[in-house]
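Okay, so here's the structure we're looking at.
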Amino acid sequence: MKKILVCVDNNPLNGAVCSYGLEMAKKLNLEVIFLHVIKTPLFTPNFLGLAAGGLVVTQGSDMVYDPEELKPTKEQIDEAEDMLKKAKKMADEAGIKSSSDLQCGDIIEILINYSDIAAIVVSIKDETEDIQNNIIALTRESKTPILFVNKEFSEIKSALVAFDGGDAAIKTLHSIKDSKIFGQDLEYHVLNINKDEKKSKEILDIARDILKNENAKFVSLSGEVADELISYRRANNLDLFVMGSFSKGIFATLFFGSTSKNVVEKALVPVFVAQ
């Protein structure tokens with residue numbers, strides 16, 4: 001049976017991440033795995049990461065570390081075990097079966113290779129360049145839906161779904177509707193941003209057919225994608241952004257480009273990227 005993977009870390013939104021993960025597990029009747037990764041260096045400081053979709057190493061990188069530097073300290077292990085213990089207590093109190101996993105290494109590599117996972121829940125509170133690059137790599141490489149949490153927990157009752165009519169978008173809409181990952185009574189706001197009104201209507205007709213008998217609105221807008229999505233979400237006080245894998249380029253631009261800090265602040269709600 002697949003499980004919900006909740007990434008536990010020492011940041012202000014850790015409780016919210018656990019709550020969102022437990023809520024999803026409850027709706028899907030799944031177990032939860034609480035994962036904490038103690039970061040250990042894989043390469044020298046000249047390593048530039050996975051932001052471009054592959055390994056990038058500058059000249060002079062010998063990729064050699066003293067083995068002692070790869071070992072977590074007792075303090076790191078104690079802190080991690082305490083976080084995982086508190087997370088499991090939350091699950092026990094919610095009546096949800098859970099387990100914990102403490103690993104060392106690169107969190108992106110670990111998440112990408114985790115098997116039998118229905119969804120990943122992770123915080124994007126940390127807005128450092130390293131986190132931004134890692135999240136971009138994760139959305140590109142992961143085959144698992146990801147919920148990025150950027151606020152304290154509140155029940156998800158409504159969602160803005162970016163819809164372009166492509167195969168991935170159709171699959172995303174079917175998946176959310178059929179799995180009920182965000183509940184039976186989710187209110188859908190399906191947006192297509194397109195200068196061609198006729199084409200936009202045809203695209204939204206596809207979504208209407210998928211969501212027949214659901215509580216849904218279908219909206220065609222024209223303008224800059226990020227501005228239109230964020231403005232509509234705020235104007236309608238929606239609880240969630242939903243984007244399919246077709247939107248990875250849009251997603252990266254929205255949340256992890258040069259204006260990431262401003263856009264994340266404007267987004268205000270979690271973002272669910274379906275793969």
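What follows is calculated from the coordinates using simple rules that are stated; it is not laboratory data. All values derive from a computational prediction rather than experimental measurement.
Taking θ = phi - 60°, what integer Hz values does the Karplus form 6.51 cos²θ - 1.76 cosθ + 1.60 yield along the range 153-168, in sequence order, with x for Gly and Pro?
Coupling constants for the range 153-168: 5, 8, 4, 8, 10, 9, 9, 8, 10, 6, 9, 10, x, x, 4, 5 Hz.
Between LYS198 and LYS71, what length comes free when the chain is fully extended (0.36 nm per residue of separation minus the Cα-Cα distance, one decimal in nm)?
Going from the current span to full extension adds 39.7 nm.
One-quarter of the Cα convex hull surface for the range 80-199, in nm²?
Values: hull surface 40.8 nm².
Averaged projected area of the range 80-199's Cα convex hull equals 10.2 nm².
Can you work out the Karplus-derived ³J(HN,Hα) for every residue in the range 179-194? Use 6.51 cos²θ - 1.76 cosθ + 1.60 with θ = phi - 60°, whole Hz, and x for glycine or proline.
Karplus-based 3J(HN,Hα) across the range 179-194 equals 7, 6, 4, 10, x, 6, 10, 4, 8, 9, 10, 9, 10, 10, 9, 7 Hz.
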